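Note sheet for the following structure.
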Ligand SMILES: [Mg+2]
């Protein structure tokens, strides 16, 4: 059997990033809105703030888990825009809360996922960001793309998007 090549975004898919981000924004700015959230996010991504990443709680989404822990042989790639300096902390977190074996690969500093997913010839890719999902389907049409449902992406109407694009460019919700 051919091994599957699977890709997973981390924050919002495996790690509960948004509530932790909002808590930090509230702590620093006294208010959580789009602006303070973006400022906080930029600040977290910019600094070597390992304690933030280590404390994130894991998410357990069955639709992701059935692929992540599948008995089908697979290559797993964890693809995140977290800065490269977080690589050891992220690996340790994955080992503790999700899974990370010697054959798994972590790619940090991935701001745009499309080219990476295409270059790795992934069979399936999971992300909570509709923009990233759309980019991946465009750059890597053979990859099955799964948008992981989160409160912050309910605005994205997948049916409309799929209708507006040709049949090869499809996004599925899990
Ligand atoms: Mg994400």
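Each stretch of four or more DSSP H residues adds -39500 (n - 2.57); spread over every residue of the chain, this sum gives -12000 deg cm²/dmol at 222 nm. Put in line by how crowded their Cβ is, counting other Cβ atoms within 10 Å and starting with the fewest, 93, 155 read 155, 93. Decide, for the stretch 54-129, between rounded, prolate and oblate: order the square roots of the alpha carbon gyration tensor eigenvalues as a ≥ b ≥ c, take rounded if a/c falls under 1.5, and otherwise choose prolate if a/b is larger than b/c, else oblate. Because its axes are fairly even, with a/c under 1.5, the stretch 54-129 counts as rounded.
Within the chain, DSSP assigns beta bridges of which about 5% are antiparallel (rounded to the nearest 5). Over the chain, with a Gaussian network built from C-alpha contacts below 10 Å, which listed residue (73, 141, 130) shows the highest mean-square fluctuation? Result: 73 has the largest fluctuation of those listed.
Between residue 22 and residue 66, the simple spin-label model (points 7 angstrom out along Cα→Cβ) gives 2.8 nm. When a/c reaches 1.5 or more, the comparison of a/b and b/c decides; with that in mind, is the chain rounded, prolate or oblate per its Cα gyration tensor? Taking the square roots of the gyration eigenvalues as a ≥ b ≥ c, the chain is oblate.
If R0 equals 22 Å, the separation of the Cβ atoms of residue 142 and residue 101 corresponds to a calculated FRET efficiency of about 0.30. Of the residues 32, 136, 148, the one that moves most in a GNM of the chain with alpha-carbon contacts below 10 Å is 32.
Name the most mobile residue of 47, 57, 142, meaning the one with the largest mean-square fluctuation, in a Gaussian network model of the chain with Cα contacts below 10 Å. The residue with the greatest mean-square fluctuation here is 47.
Exposure proxy shown here: for 87, 143, the number of other Cβ atoms within 10 Å sets the order, fewest to most, as 87, 143.
Residue separation of residue 34 and residue 1 scaled by 0.36 nm, minus their Cα-Cα distance, works out to 7.2 nm of gained length. For the pair residue 154 and residue 51, label points projected 7 Å from Cα toward Cβ lie 3.4 nm apart.
Every number here is computed from the coordinates shown, using simple stated rules; none is lab data. Everything numeric here is computed off the predicted structure, so don't read it as measured data. Cβ sites come from the backbone with ideal geometry, for glycine too, and all protein chains shown count toward neighbours.
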